[in-house]
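Heads up: the structure comes next, in structure tokens.
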Amino acid sequence: MIGRKDRKHEMEKVLDVDASMQGSLVFKDPVNLKINGRVEGTLNTKGNLLIGEHAAVSADITGDSIVIAGKVNGNVHALKELKLISPGCVVGDIRTPLLSVAEGAIFEGNCKMLSKAKSEHTSRQNVMSPEELAKYLEIDTSLVFEWVNSGKLPGVKEGDSWMFDRTKVDEWVAAGKIR
């Protein structure tokens, strides 16, 4: 049961945008964002994003859970899930681990469905190659490969290449696992 205080706190996190905006909109903290107007540029959110039925968005979008009922012209990267509902229309490429397209919705583009872990990993701006990680840690690249191949160092293998999330590496170093 949600108490009165919890409901009020939850309500405060809802942003309902019914205006025209241009540029980069970045939300670093989780919000429940509803777009009803026009947006041009880039949109990067945490939490839930709803593109309303009357919205017209010309932007590349990145978010956790995204529902599109309006028109989007741009690439969409949903880290958790993307729902395209009628009369929604997306013209652009989609990357998400979970996609739902309802009858009456329109999607024109390419779709790449990744596992949640891979999607979250590749979406981060702080992804490093083994060479970049070696320079970051001030060690030899061969030591990076030795640690990751033995399971000591957190990394994700994409095809033949290893990629490292700076946040996870920092946590690994802070935990004293670097030796």
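Residue by residue, here is whether (1) in a strand (DSSP E or B); (2) farther than 18 Å from Phe107 by Cα; (3) not assigned by TED's automatic domain parsing to the domain that holds Ala105 holds:
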| position | (1), (2), (3) |
| --- | --- |
| Ser24 | yes, yes, no |
| Asp29 | no, yes, no |
| Asn32 | yes, yes, no |
| Glu40 | yes, yes, no |
| Leu43 | yes, yes, no |
| Glu53 | no, no, no |
| Ala59 | yes, no, no |
| Ser65 | yes, no, no |
| Val72 | yes, no, no |
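Residues considered: Gly104, Gly70. Of these, the only one that is under 17 Å from Thr45 (Cβ atoms) and at pLDDT 95 or above is Gly70.
With respect to the conditions (1) over 19 Å from Lys112 (Cβ atoms); (2) surrounded by fewer than 23 Cβ atoms within 10 Å (Cβ to Cβ), Thr45 falls short on a single one, namely (2). Is it the case that the stretch 88-95 has a residue that's at pLDDT 80 or above, buried (at least 17 other Cβ atoms within 10 Å of the Cβ), assigned to a loop (DSSP other than H, G, I, E, B) and of a type outside the set (A, V, I, L, M, F, W, C)? The answer is yes; a qualifying residue exists. Taking the stretch 65-113 as the range and being farther than 25 Å from Val31 by Cβ, of a type in the set (D, E, K, R) and in contact with a strand residue (DSSP E or B) (Cβ under 6 Å, 6 or more places away or on another chain) as the test, the residues that pass are Glu108, Lys112. Considered as a group, the residues in the stretch 113-140 that are within 20 Å of Gly176 (Cα to Cα), part of a loop (DSSP other than H, G, I, E, B) and of a type outside the set (Val, Ile, Thr) include one that is modelled with the highest pLDDT, and that residue is Asp140. Of all residues in the stretch 111-134, those that are under 22 Å from Pro97 (Cα atoms) have Cβ atoms under 7 Å from Cβ atoms of residues that are acidic (Asp, Glu) and modelled with pLDDT under 85, 6 or more apart or on another chain, in His121/Asp165; Arg124/Asp165; Asn126/Asp165; Val127/Asp165.
The values are calculated or read from the model by the stated rules, or taken from the named source; none is laboratory data. Keep in mind it's a predicted model, so treat the numbers as computed, not measured. Note that we place each Cβ from the backbone using ideal geometry, even for glycine, and neighbour counts take in every protein chain shown.
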